[in-house]
1. Could you tell me which of the pairs K88/K155; K31/K209; K155/K246; K88/K240; K72/K252; K39/K73 are separated by over 31 angstrom between their Cα atoms in the structure shown?
2. Restricting to Cα atoms and excluding each atom paired with itself, what does the Kirkwood estimate give for the stretch 205-257 in Å?
3. Using 0.36 nm per residue, how much length does the chain from A68 to R117 gain when fully extended, once their Cα-Cα distance is taken away?
4. Report, to the nearest 10°, how far helix 6-20 tilts away from the longest principal axis of the Cα atoms in the chain, using its own Cα long axis and a range of 0 to 90°.
5. Just need the relative contact order of the chain here, percent rounded to a whole number, with Cα pairs under 8 Å and 6+ apart.
6. Highest first, please rank the peptides 28-38, 240-250 by the mean number of other Cβ atoms sitting within 10 Å of their residues.
7. Is the shape of the stretch 1-60 best called rounded, prolate or oblate, per the rule: a/c under 1.5 gives rounded, else a/b larger than b/c gives prolate, else oblate, with a ≥ b ≥ c the square roots of the Cα gyration tensor eigenvalues?
8. Charges only on Cβ, +1 for Lys and Arg, -1 for Asp and Glu: so what's the dipole of the chain about the Cα centre, in debye to the nearest 20?
Amino acid sequence: MTITDPEILHKIIETQGCVIQGRSLKALFHKNAPFYLDKSGADIITVYMNEHETVNIEYILEHHRHFAHLVKKYIYTKKKLAWDTFVKRCASHFNGSSRYRILSTMEELFAGLLSHREAQEFTEELQMQEAVMMPIYAFDPKVRIGYVCFLYKTKGGIDLERLESVRVLFQTLLQPLYDTNQSTVYYKCARVNENMGLLTEQEKRIVRKVLGGHTYPDIAETLGISINTLKTHMKHIFNKYNVTSKIELNNKLSAIP
């Protein structure tokens, strides 16, 4: 899906710039929670990603800490939820070409970890009426690296087009920070390697400014080149390091000894 909402596109660019400068994506998610909730129309958003082979349920976006309190009450008192178990159960919701699943109770999300009675109590205390679960994919569209769940306390508020835009937002931000070998998300970018041996001097100047958070128009004006020339340089830079985004480029350069 191509995002057409200019506010979501701006938020992606803004957040990527903050991450490149060393800000924590996790902290940025929480700071921008009102924006994500408004754009989705959901009352609560939860993002589930692999953290060392277990499900980390810290990525909870809500106006109040109601869901977080209930997670502590019902989930954290038990053993950790294994990622493989969670993924297999979630994958069963998305057979065929299905891109979403509508849920009616917390049992459908935490089956195997909560008893039927506990799941019902969780659902009732949360006052959840329905929820929509969507997968988050790696750059390989066959590989799911996480799930996002949009929860509603009233019925009739689901707008799948809006939810898909927010899902793509999360996916765009998480993909380049996800390490498939370590099965974890790096929520911060490391310091950029200053050598950049594959690049020309002009390309190095461009990279330092791009990863410093400067906009393309600012960089083009500073270096005395056109926007199209700058984009051509960026295309060459991406090709040299086999990446497709600024965050990927930052990560690749950070990994070079």
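1. Flagged as over cut-off: K155/K246; K88/K240; K72/K252.
2. This gives a value of 11.3 Å.
3. Fully extending the segment from A68 to R117 adds 15.7 nm.
4. Result, in degrees: 70.
5. The value is 23 percent.
6. 240-250, 28-38
7. oblate
8. Charge dipole of the chain: 560 debye, to the nearest 20.
The values are calculated or read from the model by the stated rules, or taken from the named source; none is laboratory data. Values in this document were obtained by computation on a predicted structure and should not be read as measured data. Ideal geometry is used to build each Cβ from the backbone, glycine not excepted, and the neighbour counts take in all protein chains shown. Please note that ligands, DNA and RNA were not included when accessible areas were found on the heavy atoms of the full protein model with its side chains. Shrake-Rupley method; radii C 1.70, N 1.55, O 1.52, S 1.80 Å.
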